[in-house]
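Here's the structure, in structure tokens; my notes come after.
Derivation of every value follows stated rules applied to the coordinates shown; laboratory data play no part. This is a predicted model, so every value here is computed, not measured. All Cβ positions, glycine included, derive from the backbone under ideal geometry; neighbour counts span all protein chains shown.
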Amino acid sequence: MALVELYLVTIITERLLRDEILEKMTELGAKGFTLTEATGEGSRGIRASDWEGKNVKIETVVSEEVGNSIIDFIAESYFENYAVITYSHPVNVVRGDKYI
Amino acid sequence: MALVELYLVTIITERLLRDEILEKMTELGAKGFTLTEATGEGSRGIRASDWEGKNVKIETVVSEEVGNSIIDFIAESYFENYAVITYSHPVNVVRGDKYI
Amino acid sequence: MALVELYLVTIITERLLRDEILEKMTELGAKGFTLTEATGEGSRGIRASDWEGKNVKIETVVSEEVGNSIIDFIAESYFENYAVITYSHPVNVVRGDKYI
Amino acid sequence: MDSLLSNFASPVVLAFVLGIVAKVVKSDLEIPRTIYQGISIYLLLAIGLKGGVELSKTPFNEFFLPAGITLFLGVLTPLIAFAVLKYIGKMDLTNSAAVAAHYGSVSVVTFIASVSYLEAQGENPEGFMPTLVAILEIPGIIVALLIPQIANKNGGSFKKALHEVITGSSIVLLLGGLIIGYIAGPVKFESVSPFFVSGFQGALVIFLLELGMVTAKRLQDLRKVGFFLVGFGILIPIFHGVLAIWLGLMAGLSIAGAAVLAAMVSSGSYIAAPAAVRIALPKASPTLYLTASLGITFPFNIALGIPLYYVIAQWLGG
Amino acid sequence: MDSLLSNFASPVVLAFVLGIVAKVVKSDLEIPRTIYQGISIYLLLAIGLKGGVELSKTPFNEFFLPAGITLFLGVLTPLIAFAVLKYIGKMDLTNSAAVAAHYGSVSVVTFIASVSYLEAQGENPEGFMPTLVAILEIPGIIVALLIPQIANKNGGSFKKALHEVITGSSIVLLLGGLIIGYIAGPVKFESVSPFFVSGFQGALVIFLLELGMVTAKRLQDLRKVGFFLVGFGILIPIFHGVLAIWLGLMAGLSIAGAAVLAAMVSSGSYIAAPAAVRIALPKASPTLYLTASLGITFPFNIALGIPLYYVIAQWLGG
Amino acid sequence: MDSLLSNFASPVVLAFVLGIVAKVVKSDLEIPRTIYQGISIYLLLAIGLKGGVELSKTPFNEFFLPAGITLFLGVLTPLIAFAVLKYIGKMDLTNSAAVAAHYGSVSVVTFIASVSYLEAQGENPEGFMPTLVAILEIPGIIVALLIPQIANKNGGSFKKALHEVITGSSIVLLLGGLIIGYIAGPVKFESVSPFFVSGFQGALVIFLLELGMVTAKRLQDLRKVGFFLVGFGILIPIFHGVLAIWLGLMAGLSIAGAAVLAAMVSSGSYIAAPAAVRIALPKASPTLYLTASLGITFPFNIALGIPLYYVIAQWLGG
Ligand SMILES: Nc1ncnc2c1ncn2[C@@H]1O[C@H](COP(=O)(O)O)[C@@H](O)[C@H]1O
Ligand SMILES: Nc1ncnc2c1ncn2[C@@H]1O[C@H](COP(=O)(O)O)[C@@H](O)[C@H]1O
Ligand SMILES: Nc1ncnc2c1ncn2[C@@H]1O[C@H](COP(=O)(O)O)[C@@H](O)[C@H]1O
Ligand code: NA
Ligand code: NA
Ligand code: NA
């Protein structure tokens, strides 16, 4: 089975931002995404799960280029005012060309 | 603490296939697995969460060999007709010999 | 956007241990964490989800040093008697200095 | 006309409309999936229990003929649907069978809505009707899935699909409830009756709110499926409904009972059938069968079909 | 005094206290989030439905003046709150507007608790009060969010926040329920009434158990927010409450109705407002606005405010 | 015999059987975990509330002796169980203590089922019985966990386990409900009574459906635990039950009350105890203690034990 090396970009953030981020991600070239409910704690005073609803974990398998533009967008738009963490790492994807 | 390098294989697919995949995975040599509920969107018209129930994310820590045979099985059996994405990457596992 | 290479440590274990582990993790230097509900099966006879409640998946982005001390703590404290799997791998984190 | 307007003013139908509106205005309203599952377990168990209690009071010979008719319709309607789809609609064999499986089975919510509607009209359909739902649920799916099986064109696992549909949660709850109700009988049922009977209509309101939201998403796919399927999703139910009324009345059902049977037979399944079809016929398009049964036939029946069947039953049986 | 003690012995208030105690002793008690969401959907729909049915029985001219007064208070109270926060409390513009938005809107649970309390006192507030809740929910948030908008200092998206608050699930359920209840009317409502009316008080017990636990976590933030906000969270509700009683009585409300209006107007939103504020004013501190509305004003109103408004209403209207 | 058959025809027991059957036929039926948690919160709060209301009507001297007896049984039964396991069953100290902790505590569902059963028989057990459940829940676990503590062989944290069991959600809800019901009294309880009383039996049906499914999975472990534990799981409950009936009658309980006390005392905990044991005795095998209390004793009590205790109570107390 041919494996392609792509990037898995993970964004964990407030649920409120979900739809906005997904829309933008698609615009920037992501071909799909997976969402998981999560809770968590970080540098902000309030645990995300306390009142405003759970965090959401967004994962998307993308090319390095698309990944970088998504990361840039998140960093510029949300880092200052919202609870968010973003990271990425390479993964070997089956039929990876589908996601480029 | 001795860390062993193994592979984390991730399969995100329709809930319907869960039991079948888990059974086969065990057969192919996986010593355990972790399941998470997820939703998502991909190349197929219908969002997996819409009606047929949520997606399921299956993660298993395995040796490279077992990982490859699981990936091959998934690709051959489900790629054509079902919603599924599969990827893997190396991880450092504590007491990794337990999972080989 | 400046990416810093850090480690993502993942711990999947019985829900019962959650608060204890989170407390200790913070003590050892983790600056945040994300929790997801999960179920799973491993070497222990009883599926974690059967009766005692679901498993919990704890993910934390930390420096290699902090990561190692967390891994050591988990291995020493829980491996013998509790259902637990722990692994880590490097990730590229946006504004990574926040998590060191 | 009057009975139609009255249907539109019922809280259950209005909740369905509210669900559609909520999605149209892009509200963030969301019925959590587990709440939805909980209510659906409750509703299935409740109609099973009530049906079982009623069945324990019904003489066998009163029940025998309607049961036979229902089984017959369960075998006939998927064949009709298949023929129309394949030979008039020119759909391929797999998709024709997939859609036909849905119309051979039954939508439990449509059944419940029809009973609610008729009771609101002062009617009193036979108490054993839930038993007929259980009889109708499975055979139609099997018949339809057998077609590609025979044509050797399935690609999926017929055996697994069979297991899925027979042990599916809706059948287990419905049949289990029926048996529990039958064994317990009216006296022992009394203690659980406030929970399962009084709360029923209200729980249905929340359930239909959710179904409205799900339907709204389906409605967006309408243009993808084409005119033929839209027509099919309205005309076939009417045809099956009239057939059911006619045979139901002949089998001795009351006018109300015949109208409820029509709602059942005309409806398309969207719980048992999709799961079975996904397994047995993975190549069939979910967009086609879900849009037909959930996006077209279900709202048609809820809003217009049920009052229509009642009018026709009155006319044929009056 | 007597009516205060009686309030403390009500299951609903006691459940709230139990929730706080559970968190204080670090119990692992947890109401699953989806159960909490389910109950909250149920409660909102239920008061909407009941309100709609009552509204269908109310002559327009009886309802007109109270509705106008409510709208007026919805515009006035956030301005008062803003002025106090900014000019007496010396809070910055963004946070002042953020907190003010909460006090311009309404806490539905406080409303429900006040109705329960008054009914337990043998009173009978006007049936159309839920309509006033719907009227009060939105304008205050908009007015408060307009302030930084005008000052060009928002940093977030006012338009998105507007959409969020108007199509938010609480408004959809409340307004949707009102309309359904209004169209269905008393007769058609009967079938769903056991579910939505009889179960209401009990469901409220579980809801307040959860709210007690949430409030307990908020209480830990009390020292972070400073004395001024604590005083604000108690005195502003009293001021707004007295205003509401006075205007409510003038508009023809009964004593009980005026007390309920006071509870509504004095309360701070913690569902609709936080979501809207988070979008429109991302720089505002959630610790400030959530602690004020949920950690201070909500428990104050539940325990002391509601009986107080009743006493004042009796005194002014007697 | 007759009362046994009658037990088997009750909807609650039949739902339990349906749950087992559903798993045996590998149905995909699943009660979502949060629904299960929600119902369990509801049931615990409901019996607490009802018990508290009843307690507020009970003179202290009527309640004093049964309470003392219950406490005594809570201390005695884990010691009996431990001795049997260690010295007859030759089980190691840790596992003996672990299993004993379960039999020292109480299964709330068994308690509820016994009350339902007796009420269906036209009996009327004392209203303060839920208070006895609260008294019985904790001491037995502590006593059993103290054994390895004294023998210095625990390996876990006794202190943490103690906190876990005392602040565990079942105790908080049960005790909290008792106190709320006691303070509120019969009059104020009336408003929440439709929710907590009328719905109770029905909610229990769904709860036992789930417990049936959980038990079915446990039954697969039966062969792993060996004959001794199977015998233990049936004979010890009978022995404890007879003891409870005898002491209960002496303490002035009615025949029905003594039978309910027997069901409580004989039952093995499977909520509070497992959590505490997992923390205090991590080396103990969950397969042993969960299979014994949930796979053997629970179904035995539900199906046969409860009617048996009733017969014995009639015989000893008649
Ligand atoms: N070091 C970390 N490791 C894993 N997840 C984190 C970490 N820091 C923050 N998070 C997640 O990101 C969310 C927002 O973090 P923050 O913006 O730092 O408040 C938190 O609620 C966590 O779910
Ligand atoms: N590029 C992607 N990144 C992450 N998850 C994806 C991606 N594409 C698809 N998925 C997940 O895989 C499921 C099936 O995808 P598909 O087969 O493309 O419809 C989706 O529902 C998503 O949960
Ligand atoms: N090989 C594996 N891959 C992924 N997750 C695993 C694996 N083995 C165990 N787990 C997870 O770790 C938990 C405890 O495993 P164990 O201690 O082996 O019983 C299980 O319930 C699974 O969720
Ligand atoms: Na049909
Ligand atoms: Na207000
Ligand atoms: Na016991």
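A few remarks follow.
- Legend: ranking of residues E:21, B:66, F:106 from fewest to most surrounding C-beta atoms inside 10 Å; resulting order E:21, B:66, F:106.
- Using distinct alpha-carbon pairs, which all enter the 1/r mean, Kirkwood radius of the range D:65-210 in Å: 17.2 Å
- Across the identical copies, the label point of residue F:25 (7 Å from Cα in the Cβ direction) is separated from its matches by 4.4, 4.5 nm, in order from shortest.
- Counting Lys and Arg as +1 and Asp and Glu as -1 over every other residue whose Cβ lies under 15 Å from the Cβ of residue B:71, the net charge comes to -4.
- Trypsin sites (Lys or Arg not before Pro) lying in DSSP loop within the range F:17-77, provided at most 16 other Cβ fall within 10 Å: F:26, F:57
- Lysine pairs with alpha-carbon atoms under 20 Å apart, the range F:2-317, spacing 8 or more or separate chains: 15
- The other copies place their residue E:65 label points at 6.7, 6.7 nm from this one, listed shortest first, where each point is 7 Å from Cα along Cα→Cβ.
- By the beta-carbon count within 10 Å of each Cβ, the least crowded to most crowded order of E:196, F:300, E:239, fewest first, is E:239, F:300, E:196.
- Normalised contact order of chain B, rounded percent, pairs of Cα under 8 Å and 6 or more residues apart: 51 percent
- Other-chain or far-sequence residues with amide H under 5 Å of residue C:91's (modelled H): C:6, C:7, C:8
- Residues with amide H under 5 Å from that of residue E:267, placed H, sequence gap 5 or more: E:107
- In the range F:2-317, the inverse of the mean reciprocal separation of distinct Cα atoms equals 19.4 Å; this is its Kirkwood hydrodynamic radius.
- Residue A:2 label point (Cα plus 7 Å toward Cβ) to equivalent points in the other copies: 4.0, 4.0 nm, shortest first.
- Residue-by-residue Karplus 3J(HN,Hα) for the range E:48-57, coefficients 6.51, -1.76, 1.60, Hz, glycine and proline x: x, 4, 4, x, x, 4, 5, 4, 5, 9
- Note on chain D: with charges restricted to the Cβ of Lys and Arg (+1) and Asp and Glu (-1), its dipole about the Cα centre is near 1080 debye.
- Over the protein assembly as shown, equivalent-ellipsoid semi-axes from the Cα gyration tensor in Å: 40, 40, 39
- Among residues of chain D, the one whose beta-carbon sits closest to the D-to-F rotation axis is listed with its distance in Å as D:34, 3.
- Of all chain B residues, the one whose C-beta is nearest the axis that brings B onto C, in angstrom: B:36, 3
- Karplus (6.51, -1.76, 1.60) ³J(HN,Hα), θ = phi - 60°, over the range F:76-81, in Hz, Gly and Pro reported as x: 6, 4, x, 5, 4, 4
- Listed from fewest to most Cβ neighbours within 10 Å, the set F:49, F:73, E:4 follows the order E:4, F:73, F:49.
- Under the criterion of Cα pairs below 8 Å and six or more residues apart, the relative contact order for the range D:2-317 equals 33 percent.
- C-alpha long axis of helix C:64-78 to longest principal axis of chain C, angle in °: 10 degrees
- Counted charge near residue C:6, where neighbours are those whose Cβ lies closer than 15 Å (Asp, Glu -1; Lys, Arg +1): -2
- In the range F:18-106, the GluC sites (Glu not before Pro) that fall in loop regions by DSSP, at most 15 other Cβ within 10 Å: F:30
- For residue C:31, the aspartates and glutamates whose Cα falls under 12 Å of its own Cα, not counting residues fewer than eight places away in the same chain, are A:41, C:23, C:59, C:97.
- Cα gyration tensor, chain C - rounded (a/c under 1.5), prolate or oblate: prolate
- Phi-derived couplings, Karplus 6.51 cos²θ - 1.76 cosθ + 1.60 at θ = phi - 60°, listed residue by residue for the range D:233-243: x, 9, 6, 4, x, 4, 4, 4, x, 4, 4 Hz, with x used for Gly and Pro.
- Per residue of peptide E:141-147, the mean number of Cβ atoms on other chains within 10 Å of the residue Cβ is 0.
- Charge tally in the Cβ shell below 15 Å around residue E:172, where Lys, Arg are +1 and Asp, Glu are -1, residue E:172 excluded: -3
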